[in-house]
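Structure record follows, encoded as C-alpha cells.
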Amino acid sequence: MEEKIRIGLIYGSARKGRFCDKVAEWAGEQINSHGEFALDVIDPMVILPQALQEPIAHQGQASLWERIAAADGFVVVTPEYNHGYPAALKSLIDSVGAEWQAKPVAFVSYGGVSGGLRAVEQLRLVFAELHTVTIRDEVSFVKAWEQFDDAGQLREPARAKRSMATLLKRLHWWAIALRNARGVMPYAPAA
C-alpha cells in the first residue's frame, strides 16, 4: 500500500474572531473524508509567533520548516482582505524557502462578492515564484458568512462538495506525480 499523501492545510487568516476557522474546518473535513490524505493543520495564529523566531522545534512540535518540507502538497484557505490576501499568510509563506518547491498548492477562498478570487490570483503569482504547481480548480465561497450556519455547516453543501472533490482528485494526482519525481531527481539543482 502506498503511503498517504501528506497535505498541509494552511489557515490564511490570523485576525481575531476570524471566519477562516469555519471554512478551514469544512475543508479539513473534506480532505479527511478523501481517505488518501494525512492532514497537518498549519495555522499562522499558532505558528508565526513561535516559528519566526528560529527554525527549531517548539514544545516538542516540528518547526514550520520541517512541516512544509514533510508535506507533499497544500490546501490554502484564504480570505480576501481589501482585494488581496492577508499579511499573516504572506509572512508564513515567506518564512520558508526551498521547502515549497515542486509541490502542488490548491486554494479554498472566501470573501464578499468575489469569494476571495482576487486573493487567490495574487497567491498564484507568489507560489509560482516558489516553484510550486498551483491547481487550476478551486473552491470559492461568495459571501461565506451567508453560506455557513452558526455551527460551521454549509447551508447548501452539494456544489461546494463537488468542487472540493474535483480539487482533491487533481491535488492527489499532482502530489503523487511530484513526490515520485522528487524521489527520482531532487528539484534543488533545477531551481
Go through the range 1-32 and report how many residues are more than 20 Å from Tyr85 (Cβ to Cβ) and of a type in the set (D, E, K, R). 5
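Of the residues Arg159, Arg182, Arg136, Arg124, only one is without any contact (Cβ under 8 Å) to a residue 60 or more places away in the chain and in contact with a Lys or Arg (Cβ under 9 Å, 6 or more places away or on another chain); which?
Answer to the check: Arg136.
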If we keep only residues of the range 27-60 that are closer than 24 Å to Val142 by Cα and either open to solvent by less than 10 Å² (accessible area, probe 1.4 Å) or part of a loop (DSSP other than H, G, I, E, B) (or both), then the residue modelled with the lowest pLDDT is Pro44
Is it the case that some residue within the range 111-119 is at pLDDT below 95 and among the polar types (S, T, N, Q)? yes
Checking the structure you have, find out if any residue of the range 24-36 is aromatic (Phe, Trp, Tyr), farther than 13 Å from Gly73 by Cα and in contact (Cβ under 8 Å) with a residue 40 or more places away in the chain. yes
Does the range 1-35 hold any residues that are of a type in the set (S, T, N, Q) and touching a strand residue (DSSP E or B) at 6+ places or on another chain (Cβ under 9 Å), and which are they? Ser13, Gln30, Asn32
Can we say Leu123 is more than 12 Å from the chain's Cα centre (by Cα) and either of a type in the set (Asp, Glu) or modelled with pLDDT of 95 or more (or both)? no
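The values are calculated or read from the model by the stated rules, or taken from the named source; none is laboratory data. Values in this document were obtained by computation on a predicted structure and should not be read as measured data. Please note: Cβ atoms are built from the backbone with ideal geometry, for glycine as well, and neighbour counts cover all protein chains shown. The area values use the complete protein model at the heavy-atom level, side chains included, leaving out ligands, DNA and RNA. Shrake-Rupley method; radii C 1.70, N 1.55, O 1.52, S 1.80 Å.
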